[in-house]
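First comes the structure, then the notes that go with it.
The values are calculated or read from the model by the stated rules, or taken from the named source; none is laboratory data. Values in this document were obtained by computation on a predicted structure and should not be read as measured data. For neighbour counting, all protein chains shown are included, and Cβ atoms are generated from backbone atoms with ideal geometry for every residue, glycine included.
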Amino acid sequence: STGPLVLGIESSCDETGVGVVSGTRLLANAVSSSMDEHVRFGGVIPEIASRAHLDAMLPTLRAALDTAGVGLADVDAIAVTSGPGLSGALMVGVSAAKALALATGKPLYAVNHLVAHVGVGLLDGETSDSAAGSENENPLPENLGALLVSGGHTEILRVRSIASDVELLGATLDDAAGEAYDKVARILGLAYPGGPAIDAAAADGDPRAFAFPRGLTAPKYLGSTEAPGSHRYDFSFSGLKTAVARVVEGFTARGETVPVADVAASFQEAVADVITRKAVLACREHGITSLLLGGGVAANSRLRALTAQRCAEAGIELTVPPLRLCTDNGAMVAALGAQLVAAGVAPSGTGFGADSSQP
Ligand code: KG4
Ligand code: ZN
């Protein structure tokens, strides 16, 4: 299929991403990550990420245009992530996009990072679990659910129209899922980023060795979403992290070896259990029969398996984009931009800022 040729720019965290799409067709997805520079600090350092974006932005733009075989004059619109994310990091992408828009006269769209994660699911043949490779004129179901799990976010979204009607059903009250992985990895003495390390360690462990808490699943939290104090679709991982720390401290205090594989497997099970339980609950209660899984934690083997299992049981069709499109990238921003152009949404102009805390 063909459609508007859109350039997308992403710089909300540690990935500098520039993507090019033509409607729902992916033409280029160039990504440069500063993760290597953050590893020794055990977390993303905003100042370092911002500087890295500045270094990487123009080379990444060049790479994306070269791969797509297009010039700036050919694009119909430019889209950029304006938030949420790290302010200084966002500003680099927003400034670059505004400069390009001013220089070329192309319409500019400010897009929400979370909605862009969903937008990637609209690209042709870019799904691993549903009808791989098939071309679909309108692949977005009328009532789509999205489960976004990464180092920066843990959200359940309901998407009635990607251009105009996206509702946040639930979110984490404290740490994002990926953050919990990173913190627990540190407690276990595993490398940063912790997700892949815990996933690997858990392979040899018993997920039933420790009964770690499932945050916000007690009956009082599962009341109607309108009831005060209820957090039906919300998440909390701080209690889980503390429980892991207590168990590890216990072994250390007794002079015993910490059973890292068992702790990792039990922690991973707790995260996957609570996330998938709440996502399926939200889908059931909103008549959602199609769910998209996105974000870096979508790489987690247990989360993928349990999401697939529980969606199948509940009759929910699951879509998991390839991992390079689940993690932060510019193609998802371009994909959403193309949807906005196609829907006739007015461009944002250049009067918007980098809004780090937008929902
Ligand atoms: O989407 P992403 O690349 O960047 C953010 O927007 O945060 O997600 C990175 C997060 C990190 O916290 C990392 O530990 C986690 O995804 N992650 C994993 C796995 N691979 C990456 N978490 C669990 N299991 C994995 N296999
Ligand atoms: Zn993201």
- Every pair of residues 6+ apart whose Cβ atoms lie under 9 Å, when the first sits in segment 87-104 and is in the same structural domain as residue 55 (by TED's automatic domain parsing) and under 15 Å from residue 351 (Cα atoms) while the second is surrounded by fewer than 22 Cβ atoms within 10 Å (Cβ to Cβ) and β-branched (Val, Ile, Thr): 97/350; 98/350; 101/350; 102/350
- Query: Restricted to segment 141-158, and to residues that are touching a residue at least 24 places away in the same chain (Cβ under 8 Å) and away from ligand 2 (no atom under 16 Å from the Cβ), which residue is surrounded by the fewest Cβ atoms within 10 Å (Cβ to Cβ)?
  - Reply: 143
- Query: On the given criteria, is residue 81 hydroxyl-bearing (Ser, Thr, Tyr) and over 21 Å from the mean Cα position of the chain (by Cα)?
  - Reply: no
- Query: If the Cβ limit is 7 Å and pairs must be 6+ apart or interchain, which residue in segment 113-129 that is farther than 16 Å from residue 25 by Cα pairs with which residue that is at pLDDT 85 or above and more than 14 Å from ligand 1 (Cβ to nearest atom)?
  - Reply: 114/157; 115/162; 115/166; 115/336; 129/318; 129/319
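In this structure, does residue 336 turn out to be buried (at least 24 other Cβ atoms within 10 Å of the Cβ), in the same structural domain as residue 120 (by TED's automatic domain parsing) and in contact (Cβ under 8 Å) with a residue 40 or more places away in the chain? Show your work before the answer.
Values: buried (at least 24 other Cβ atoms within 10 Å of the Cβ): yes; in the same structural domain as residue 120 (by TED's automatic domain parsing): yes; in contact (Cβ under 8 Å) with a residue 40 or more places away in the chain: yes.
When the stated conditions are applied, residue 336 passes them.
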- Working only within segment 26-77, note down all residues that are part of a helix (DSSP H, G or I), among the aliphatic types (A, V, I, L, M) and farther than 30 Å from residue 346 by Cα. 35, 39, 48, 49, 52
- Quick one: in segment 198-213, which of the residues that are aliphatic (A, V, I, L, M) and in contact (Cβ under 8 Å) with a residue 40 or more places away in the chain is farthest from ligand 1 (Cβ to nearest atom)? 211
- Message: I'm checking my understanding of the structure. Among residues of segment 313-331 that are hydrophobic (A, V, I, L, M, F, W, C) and farther than 16 Å from residue 298 by Cα, which one is farthest from the chain's Cα centre (by Cα)?
- Response: 314
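For (1) part of a helix (DSSP H, G or I); (2) within 27 Å of the chain's Cα centre (by Cα), each residue gets a yes or a no:
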| position | (1), (2) |
| --- | --- |
| 213 | no, yes |
| 232 | no, yes |
| 255 | no, no |
| 270 | yes, yes |
- Query: Within segment 150-174, can you find the residues that are within 13 Å of ligand 1 (Cβ to nearest atom) and at pLDDT 95 or above?
  - Reply: 154, 155, 172
- Message: I'm trying to understand the selection: among the residues of segment 8-25, which are more than 12 Å from ligand 2 (Cβ to nearest atom), in a loop (DSSP other than H, G, I, E, B) and surrounded by 24 or more Cβ atoms within 10 Å (Cβ to Cβ)?
- Response: 24
- Task: Determine which single condition residue 218 fails, assuming it passes every other condition in (1) surrounded by fewer than 17 Cβ atoms within 10 Å (Cβ to Cβ); (2) under 25 Å from the mean Cα position of the chain (by Cα).
- Result: (2)
- Task: Please name all residue pairs, on different chains or six or more residues apart, with Cβ atoms under 6 Å, provided the first residue is in segment 160-186 and is within 18 Å of residue 213 (Cα to Cα) and the second residue is of a type in the set (Phe, Trp, Tyr) and part of a strand (DSSP E or B).
- Result: 172/235
- Can you tell me how many residues in segment 72-129 are farther than 26 Å from residue 176 by Cβ and among the acidic types (Asp, Glu)? 3
- Per-region count, segment 305-353, residues away from ligand 2 (no atom under 15 Å from the Cβ), in contact with a Gly (Cβ under 7 Å, 6 or more places away or on another chain) and at pLDDT below 95: 3
- Of the residues in segment 242-283, those that are more than 16 Å from ligand 1 (Cβ to nearest atom) and more than 15 Å from residue 308 (Cα to Cα) number 19
- Message: Anything in segment 1-24 that is within 16 Å of ligand 1 (Cβ to nearest atom) and either hydrophobic (A, V, I, L, M, F, W, C) or over 21 Å from the mean Cα position of the chain (by Cα) (or both)? List them, or say none.
- Response: 9, 13
- Message: Looking at segment 273-295 only, could you name the residues that are among the small types (Gly, Ala, Ser), in a helix (DSSP H, G or I) and crowded, with 24+ Cβ neighbours inside 10 Å?
- Response: 279
- Task: With respect to residue 82, determine if the residue is crowded, with 18+ Cβ neighbours inside 10 Å, assigned to a helix (DSSP H, G or I) and in contact (Cβ under 8 Å) with a residue 12 or more places away in the chain.
- Result: no
